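The values are calculated or read from the model by the stated rules, or taken from the named source; none is laboratory data. Computed from a predicted model, the values in this text were never measured in an experiment. A quick note on method: Cβ atoms are made from the backbone with ideal geometry, for glycine too, and the neighbour counts reach across all protein chains shown.
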Amino acid sequence: MSPREMNQSNFACVVGARPNFVKMAPLLRALDCYANIRTVLIHTGQHYDAGLSDVFFEELGMRRPDICLEVGSGKHGAQAAKVMERLEVCLEQGLPGGGKYDRVVVVGDVNSTMASALAAVKLQIPVAHVEAGLRSFDRSMPEEINRIVTDAVADVLLVSEPAGVENLRREGHPEEHIHLVGNIMIDTLKRLLPEAKKRDTLDQFHLSPGRYGVVTLHRPSNVDAPAALERLLEVLIETSQELPLVFPVHPRTRKRLAEFGLSRRIERARRLTLTEPLGYLDLLALTSQAKVIITDSGGLQEEATVLGIPCLTARPNTERPITVEEGTSTLVGNDAEKLRRCLRSVLDGTYKGGRCPALWDGQAAVRIAQVLTAPARAVQSQLV
């Protein structure tokens, strides 16, 4: 083995769902700048739609996965078990062409994140978690369980906002494991925003900048209860008479609209446009030029804050408190009257302002790569 090969570190970088791609793409580019780092991109296939996944890889400028586990959808326990089973085999086999993995890097809070971290640590492979420390303090959310478990077994905790640092300290994590690096999702946003704004997305929907809103809803608390979903839709239909709304509909939400007999009602609202889920660039083209975003997506809360767009977050809590405390987000839950009041303040021009948090500057991936490639880190991984 050559001296260069002896000093090389091999990272298994795991993604499972489209939000993971947005976070992993800039990190792979940053790690590629290090000659002694080899990255293997593993896609668990937790969420896989050939059309949308291919579009995401293409738009993000992200290389295709080196390994696909093809886990597919399913109940939480079964899906996590499949990821663990298949990734364990993959990690034990080692790198394509030979060699062992020195570290597994996971991002976000999906089932694949937690399951991959568990599979790795049981094989004594160190784990780094990007977006560590986020807490909603709501254990009814599967993502909250995934975050807690992943952080419990990771030895490198890469945090996007100060509240995450405090959460990890309170949970007893060693200080040397915690690194405040900023928000890696914003790296992708800043890189691709100019390209997104050049697209003809607004023209396709007959929209003008600043004169429409964007809606995304998919969480069970909003779409699985007929009464809650109907109340929210009433506000959206009412608002659309004054402000056109574009609603990319998640498959789960579309299914519930049909089950609850609400599809025809919403389709009759001429200025509330339903569309299929959009690729990253088309969605960014819409959100970056909107007057307001109504969403239950964690990622859109963050993006809205950076873009300076009012964001009415249809959740009772958030694991990203900085988007409320410093940013443009307001938690409205599924309280239709609160949503109505906040929309009125946006339309009247009295909605609060916000500012971009520190370290949400498009350079988080560079800082993460510096942490992961520190000499002490390389020595530690060799000893485990």
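Evaluate segment 255-270: report whether one residue or more is within 25 Å of the chain's Cα centre (by Cα), small (Gly, Ala, Ser) and more than 15 Å from TYR212 (Cβ to Cβ). Among the residues of segment 255-270, not one is within 25 Å of the chain's Cα centre (by Cα), small (Gly, Ala, Ser) and more than 15 Å from TYR212 (Cβ to Cβ), which makes the answer no. Of all residue pairs spaced 6 or more apart or on separate chains, those with beta-carbon atoms under 9 Å, a first member in segment 221-241 that is free of Cβ contacts under 8 Å to residues at least 60 places away in the same chain and a second member that is assigned to a helix (DSSP H, G or I) and among the acidic types (Asp, Glu) are PRO226/GLU259. Considering segment 297-384, the qualifying helices (runs of 4 or more DSSP H), each wholly inside and each with 3 or more residues that are at pLDDT below 95, run over 375-383. Counting only helices (runs of 4 or more DSSP H) that fall entirely inside segment 195-273 and contain at least 3 residues that are more than 18 Å from GLN289 (Cα to Cα), the qualifying elements are 220-223, 226-240, 251-259, 263-267. crowded, with 19+ Cβ neighbours inside 10 Å, farther than 17 Å from MET24 by Cβ and assigned by TED's automatic domain parsing to the domain that holds ASP109, is that true of ILE178? In short, yes. Residues that are surrounded by fewer than 19 Cβ atoms within 10 Å (Cβ to Cβ), more than 30 Å from ALA35 (Cα to Cα), touching a residue at least 24 places away in the same chain (Cβ under 8 Å) and of a type outside the set (Gly, Ala, Ser): does segment 355-362 have at least one? Yes, that holds for at least one residue.
In segment 269-283, the residues that are assigned by TED's automatic domain parsing to the domain that holds ILE294 reach residues that are of a type in the set (Asp, Glu) with C-beta atoms within less than 7 angstrom, at least six apart or across chains, in these pairs: LEU274/GLU267; GLY279/GLU59; TYR280/GLU59; LEU281/GLU59; LEU281/GLU195.
Does ASP109 satisfy the criteria of being modelled with pLDDT of 95 or more, closer than 19 Å to VAL371 by Cα and among the acidic types (Asp, Glu)? It is false that ASP109 is modelled with pLDDT of 95 or more, closer than 19 Å to VAL371 by Cα and among the acidic types (Asp, Glu). A residue that is within 18 Å of LEU27 (Cα to Cα), crowded, with 20+ Cβ neighbours inside 10 Å and touching a Leu at 6+ places or on another chain (Cβ under 6 Å) occurs somewhere in segment 131-142.
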